[in-house]
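The values are calculated or read from the model by the stated rules, or taken from the named source; none is laboratory data. Since this is a predicted model, take the numbers as computed values, not measurements. Glycine also receives a Cβ, built like all others from the backbone with ideal geometry; neighbour counts cover every protein chain displayed.
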Amino acid sequence: MATVLYHLGRVAFRWRWFVALFWVAVLGVVGVVAAKAPAAADEGFTMPGIESQKAFDLLEHRFPGTAADGANARIVFVAPSGEKITVGQNKKAVERLVHQAAEGPQVAAAVDPFQAEAVSKDATTAYATVSFKAKAGDLTDASKAYLEKAIGQARHAGLTVEAGGDALAAQPAAGGAGEAVGVAIAAVVLLITFGSLAAAGLPLLTAILGVGISMTAITALSGTFGLSESTGTLATMLGLACGIDYALFVVSRYREERAKGHDPRTAAGLAVGTAGSAVVFAGLTVVIALAGLSVVGIPTLTKMGLAAAGGVLLAVLVCLTLVPALLGFWPDAVLERGARKNSKRYRRKQRKSDNGGARWARIVVRHPLPVLLLGVVGLGAVAVPAMNLQLGMPGDESKPTSTTERRAYDDLAKGFGPGFNGPLTIVVDARGAGGAKEAKAAVRTIKKDIAATDGVVSVSAARFNQAGDTAVFSATPATSPTDKKTQDLVTTIRDERAGIEARTAGATFEVTGTTALNIDVAEKVQASLIPYLAVVVGLAIVLLLLVFRSLLVPLKAAVGFLLSVLAALGAVVLVFQEGHGAALLGVESTGPIMSMMPIFLVGIVFGLAMDYEVFLVSRVRESYVHGDTARSAIVSGFRYSARVVVAAALIMIAVFSGFIGADESMIKMIGFGLAIAVLFDAFVVRMLIVPAVLSLLGDKAWYLPRRLNRLLPDIDVEGEKLNAKVPAPQQVIQEEPPATEPVLLG
């Protein structure tokens, strides 16, 4: 691989104009296609194979013309203090709004609260439900503006009016200003690391170009594959972070090869052949982990994973071709000032000088056991809250109080009880009960039994379809949608279903609704987490076995990855579920962790952890196979890679932290989780645990049974074969013999 990539780097350097124009042309063509592509229709959230989804599908089939997942707006009215909503001008204002809303475009129905008994017992609060024929993403601006104007008129009449539901909900922003701040911090880190504006700007330029192509491609394909706007958020996040990091490693290796005395074209080829090999494997691990999200069986998760995998793959291709091409335009500009002014003196200084990475490695190598215990115990302590992980799908209750959706939620909870915001929808299939009379009797029986269940405060009137063989009604829990007791209630109703259906002469029922759907999704994701984690860890061991040709190094990497993931999950639970430090991140309401968050975290952190493992340990192994002792190889490897890995981690943390400012709670949670996971993995696992374990293992770290050694393909990530292919620069050999590390004792 190293030889192939070496030639690729030299070709890209030689034909730099062609390579640069090619990528610019790709961006232009994809941009034109994206501009002309139709917008993707909102397909909503679906989860095949769970009861809630089956019930939704049955509703759409048995109640034609009424989309079960169409947009809705729940308009909440609160009378002025000391007044009733049911009398005088207050009642007239409510009725006027309902009448106006019913005449609006794309509206299927608007229910009068006084006719539907949607008034609180103290008559201070009422709500009207406005349902639309189209899904939230397909509503026109005219439809939204019409309803907002009607709400404004009701407010002018003196009522407090808020709107819940998804019809008028603001589209969440991915990162906004925070994302820009993250990129700015990344630029500062690059400038400090390289000491050159050109070297700092090159990774940013290539990463932004790659993200631009991937995002326009997602837009162009959105109509064909049903990709929503949020689908590209993860692709942006990872494409930007990985694109910067991958280019960072290649540019850093280029500068190192130039410091040895290689000419620019050879240095570019060597950088792509060595660091580029690590980029290929690191990118491959991220792509496989993201594509593997499809096995969970959630279409939305699959789309986000595949889109992000495409973004990372594009980042790898850009890094291997465009980075050496740009180095061809500015072969000396990316070097430090000392390297440009006096190359010989600079090279001698670089070979003799020590740096923070080598000094840090010496400290760890001298005290490996205390360092190892410190890292493991520290991460273990942070991981403890993960034992209390509660999955769910936070709704309007998790939004800031500045939003009308959150205020509507609070008003309904105050007026009707905490469970009113999460009613359970009961769908009764009475085709097997016989005629219409038997169907109504079966529905009455089911309603009576569910109403008598502990935890149910009320049930609504049943609504039959035109054929009279299917009915739907709501059951209101006593507790909020995210309360553990609500989840227990759903389980209880389903457990008692067999006994209830035995008294209905052939009728069956299923429990659905947003609350039940969220519970089902959480259970399915939780059941998929351990198998997915096992697959990812197994994949890590296989890939690293190929890269490092060692048995113990892959096992050590897998254990370190597990520590990073568990500690990151513990930190997420600590902040977003238990509320410690939540206010600092703008989290106004805590609750269950987003159901898909652990799966995202496992998949993405796996890829990023393998990035640092490959980049860091490959340099250690390179020194080891070139003659250093096991312990001195650790110091030598850290001398060349520690600073770059630290810079890459800081860039990742900065980019991911920018998404903490997102409006959507899922993106905020993912941004925090990934940022803290990179912090733990790069600075605790890779900088503490990895060198400590390698030091304790010594030569055993690189042991591989002879039979297995013959079976495994020689991938040559370190570029050993390039030593015979590329002659060493003679001037450096004449100036000074190769430096060796002093033997470390103790």
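One table, with the values for the structure above:
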item	result
Boolean, Leu584 is of a type in the set (A, V, I, L, M), under 16 Å from the mean Cα position of the chain (by Cα) and not in a loop (DSSP other than H, G, I, E, B)	no
Test for Ser641: is it within 30 Å of Gly292 (Cα to Cα) and in contact (Cβ under 8 Å) with a residue 60 or more places away in the chain	yes
Met215 hydrophobic (A, V, I, L, M, F, W, C) and modelled with pLDDT of 85 or more	yes
Residue in region 310-327 that is hydroxyl-bearing (Ser, Thr, Tyr) and closer than 30 Å to Val726 by Cα present	yes
Cβ pairs under 7 Å, 6+ apart, first in region 341-370 and more than 15 Å from Val635 (Cβ to Cβ), second modelled with pLDDT under 55 and in a helix (DSSP H, G or I)	Lys344/Glu735; Arg347/Val732; Arg348/Glu735
Candidates Thr491, Thr453, Thr482 - the one that is surrounded by 17 or more Cβ atoms within 10 Å (Cβ to Cβ), on the phi < 0 side of the Ramachandran plot and of a type in the set (Ser, Thr, Tyr)	Thr482
Some residue of region 655-674 being in contact with a helix residue (DSSP H, G or I) (Cβ under 8 Å, 6 or more places away or on another chain), in contact (Cβ under 8 Å) with a residue 40 or more places away in the chain and closer than 23 Å to Ala275 by Cα	yes
Answer residue from region 94-115, given it is free of Cβ contacts under 8 Å to residues at least 12 places away in the same chain and part of a loop (DSSP other than H, G, I, E, B) and is farthest from Phe416 (Cα to Cα) among those	Glu103
Qualifying residue in region 443-452 (condition: in contact with a Leu (Cβ under 7 Å, 6 or more places away or on another chain), hydrophobic (A, V, I, L, M, F, W, C), outside any strand (DSSP E or B) and over 15 Å from Thr512 (Cβ atoms))	no
Candidate set: region 418-440, residues that are aliphatic (A, V, I, L, M) and assigned to a helix (DSSP H, G or I); chosen: the one farthest from Pro394 (Cα to Cα)	Ala436
Region 624-645, residues that are farther than 17 Å from Ala692 by Cβ, of a type outside the set (D, E, K, R) and under 33 Å from the mean Cα position of the chain (by Cα)	Tyr640, Val644
Unmet requirement for Gly137, which otherwise passes all of (1) over 19 Å from Ala408 (Cβ atoms); (2) under 42 Å from the mean Cα position of the chain (by Cα); (3) in a loop (DSSP other than H, G, I, E, B)	(3)
